[in-house]
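Report on the structure given below.
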Amino acid sequence: MGVDRRQFLKLAGISAAFGLGGSVGFQLLRPGALDAAERMPTPYQMVFPKSQGNSEVMPNPKALKGRRWGMVIDMRKLTVEKARAAIQACNYYHNVPTIPGKQNIKWIWLTGYTNAFPEVENPFADPAIKNARFIAMCNHCDNPPCVRVCPTKATFQREDGIVMMDMHRCIGCRFCMAGCPYGSRSFNFRDPRPFIKKEYPKYPTRTKGVVEKCTFCSERLAVGKLPACAEASGGAMVFGDVDDAGSELRQLLRSRYSIRRKPNLGTHPQVYYLV
Amino acid sequence: MLEKALSGSKLYWTWLICLLVVIGAGFGAYLVQYNKGLMITGMSRDVSWGFYIAQFTFLVGVAASAVMLVLPYYLHHYKTFGRITILGEFLAIASVIMCILFITVDLGKPTRILNVMLHPTPNSILFWDMIVLNGYLIINLVAGWVTLEAERKQLPPPGWIKPIIYLSIPWAVSIHTVTAFLYAGLPGRGYWLTAIMAPRFLASAFAAGPAVLILLGYLVKKLTRFDPGKEAFETLAKIVCYAIILHIFFFFLEVFTVGYSDIPSHTAHLKYLYFGLHGHNMLVPWVWVALGCGFTAIILLVNPRTRKNLKILPYACVLVFICTWIDKGMGMIAGGFVPNPLHEVTEYAPTGLELMITFGVYATGILVLTILYKVALGVKAEEEAL
């Protein structure tokens with residue numbers, strides 16, 4: 001027996017006294033052992049390896065960083081032309097196919113006031129609002145039901161709040177489509193590639209059998225660019241950090257009255273409409 | 001015991017070949033779906049689950065209903081069911097196999113199905129459904145096979161099987177409860193967002209399952225020398241009677257809450273189903289037929305003279321089957337998706353290929369059922385010959 005109880009306590013006391021708790025003490029006793037232990041996967045990790053995130057990849061220094069991404073859509077500025085430009089930009093940069101009929105794919109689209117906000121019923125509302133065309137897209141909810149129901153974690157939430165899809169893990173069960181209360185998800189009922197008008201080579205095309213949706217342009221944020229729709233909207237769509245009280249987005253939310261889609265469901269949508 | 005399935009009459013083999021032909025056709029249709037994707041179905045962006053998931057939901061109920069034989073026999077020593085419990089357990093096996101197949105053909109990426117186990121996600125109800133369905137399959141396979149083997153050897157079943165049989169009772173309730181939870185926990189779907197979903201599922205299951213068993217009992221009686229006995233039919237008929245009344249009662253509870261509160265996101269679905277919405281009314285005749293069948297069945301089953309009349313009973317059972325199959329299948333699934341979260345109406349109807357795949361899965365289940373029943377009835381015939 002190398003170390004008995006008494007000796008161990010003594011050693012622990014000395015380590016603690018010198019502030020050598022945890023890994024430092026461990027390092028002193030057995031140099032290098034911890035690095036190896038950290039890299040060695042546990043049996044659980046061997047069976048269920050982590051597929052997301054790889055700390056060895058250096059992030060782009062230009063990448064936009066936010067604690068909680070959100071979007072403000074200014075309905076005073078959003079004309080149908082600007083909205084169409086935003087939609088077109090999104091469709092182009094993400095190779096969203098144009099499939100006719102009810103098996104179509106939509107990431108971001110235009111809809112009516114009563115469709116976007118069925119609970120905010122008011123027949124005498126300002127016609128400018130009532131007859132306006134609203135942009136519908138994934139709300140990147142703080143409490144997303146789609147993530148809750150996915151049986152494979154193919155849809156997941158990043159720390160900055162973005163709700164993402166892993167197209168290589170999705171089994172196409174479409175539970176997330178039943179779970180989403182905003183109709184923001186589309187399923188590839190067929191091979192989408194023949195329906196892509198002009199392919200954008202820097203973004204992957206999808207395959208039949210998986211679900212897809214808006215990603216808040218995570219691929220653009222990673223290289224320091226704003227989401228394609230915000231960039232193309234002529235200032236009508238403002239993207240920013242909801243957690244940053246000094247952001248332009250928060251400034252807008254303070255200055256004007258905003259509404260969110262179906263807030264009564266407790267999903268905490270992060271797309272705000274200034275009306 | 002399986003060798004009993006290898007010898008049979010001309011009728012038996014013809015039946016198996018017919019089933020294999022349907023399975024072949026269904027498999028062919030599935031190959032088309034596998035190559036082209038789910039575009040060959042009538043499903044859409046708005047109605048993203050359809051006929052497959054409807055059949056799955058209905059058959060989970062049929063599978064769960066085996067408990068209606070197991071419970072009276074093993075917990076209350078109701079001897080009359082002793083002879084037919086195995087038929088219930090084997091029906092459960094065939095039904096669960098169909099459930100698993102329906103889930104599989106519904107997947108966009110069936111080759112990735114093991115991702116559910118490679119990336120276990122306890123917050124997803126589908127993960128739990130996978131566990132309870134597979135567990136129920138294994139429990140019934142073991143319990144059914146072991147008790148039948150003991151019966152063949154003219155021995156009492158081994159002691160270790162008892163706890164497994166007892167476990168099958170709450171487990172049967174669990175499969176249908178978890179299946180109800182697939183729907184009943186989704187925030188944006190008013191038609192499904194109801195705590196009575198699981199009891200309603202169970203009530204319709206305990207009506208549909210025993211009704212199917214009665215019909216199978218008639219077939220067995222006609223085709224083999226095995227007679228389940230008048231008393232077994234009568235008791236099953238009573239179970240069907242109580243359960244179909246509960247089913248309709250629960251439906252009216254739903255109608256009251258939805259109708260009296262009059263909250264649009266909840267009423268819209270019932271309006272669509274029973275009266276049509278914005279001129280869309282494809283399912284209206286179906287749901288009224290279901291309701292009519294349910295009421296007629298109740299009249300036939302409540303009245304002792306018609307219930308005990310073995311000539312009328314099968315018709316009542318067919319009515320119960322139609323009622324629950326429409327209500328829990330198409331009504332429940334399509335009704336939940338129409339209107340969509342943006343209050344737009346997209347209707348759903350299955351396509352020809354979708355129906356062929358569905359028939360193929362049903363034929364597979366019936367093939368399994370035929371073989372299992374052949375074995376069980378072979379053992380029983382052997383026993384009676386002694």
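Numbers below:
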{"item": "From phi via Karplus (6.51, -1.76, 1.60), per-residue ³J(HN,Hα) for the range A:81-98 in Hz, x at Gly/Pro", "result": "5, 5, 4, 5, 5, 5, 5, 4, 4, 4, 4, 5, 5, 10, 6, 6, x, 9"}
{"item": "Computed over chain B, Cα set: Rg, Dmax in Å", "result": "21.0, 68"}
{"item": "Average silhouette area of the range A:78-228, convex hull of alpha-carbon atoms, in square nanometres", "result": "9.9"}
{"item": "Whole-Hz ³J(HN,Hα) from phi, Karplus 6.51 cos²θ - 1.76 cosθ + 1.60, for the range B:242-258, glycine and proline x", "result": "4, 5, 5, 5, 4, 4, 5, 4, 4, 4, 6, 4, 4, 4, 5, 4, 5"}
{"item": "Nearest-ten-degree value, helix B:85-106 long axis tilted from longest Cα axis of chain B", "result": "40"}
{"item": "Cysteines (scope chain B) whose Cβ has no counterpart Cys Cβ under 4.7 Å", "result": "B:C18, B:C99, B:C241, B:C317"}
{"item": "Table column - 3J(HN,Hα) (Hz), the range B:167-179, Karplus curve with 6.51, -1.76, 1.60, x for Gly and Pro", "result": "4, 5, 5, x, 5, 4, 4, 5, 5, 7, 5, 5, 4"}
{"item": "With Cα atoms, 0 to 90° folded angle of helix B:51-64 axis to chain B main axis", "result": "40"}
{"item": "Sequence-distant residues sharing a close amide H with A:Y272 (under 5 Å, placed H)", "result": "A:M71, A:V72, A:I73"}
{"item": "Binned Cα-Cα distance frequencies in the protein assembly as shown - 20 Å width, integer %", "result": "16, 43, 28, 12, 1"}
{"item": "Nitroxide proxy distance, nm - points 7 Å out along Cα→Cβ at B:E231 and B:K10", "result": "3.9"}
{"item": "Calculated FRET value between A:Y200 and B:Y166, using beta carbons and R₀ = 56 Å, to 0.05", "result": "0.40"}
{"item": "Relative packing of B:272-278, A:145-151, which averages over residues the other C-beta atoms within 10 Å, highest first", "result": "A:145-151, B:272-278"}
{"item": "Distance between the range B:132-152 and the range A:115-179 - C-alpha centres, whole angstrom", "result": "43"}
{"item": "Distance from the range B:1-67 to the range B:328-357 (C-alpha centre basis), Å", "result": "19"}
{"item": "Residue-averaged beta-carbon neighbours from other chains (10 angstrom radius) around A:183-192", "result": "5"}
{"item": "The range B:74-175: trypsin sites (Lys or Arg not before Pro) in DSSP coil with no more than 13 other Cβ atoms inside 10 Å", "result": "B:K153"}
{"item": "Folded to 0 to 90 degrees: helix B:125-152 orientation relative to chain B principal axis, Cα", "result": "20"}
{"item": "Inter-label distance, nm, simple model (7 Å from Cα along the C-beta direction), B:L31/A:R76", "result": "6.4"}
{"item": "Shielding by partners, peptide A:97-104 (average Cβ within 10 angstrom, other chains)", "result": "3"}
{"item": "Virtual spin-label span in nm between A:R193 and B:V345, 7 Å along Cα→Cβ", "result": "4.0"}
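Laboratory data are not the source of any read-out in this text; all were calculated from the coordinates shown. None of these values were measured; they are calculated from a predicted model. Because the Cβ atoms are built from the backbone with ideal geometry, glycine has one as well, and the counts that use them run over all protein chains shown.
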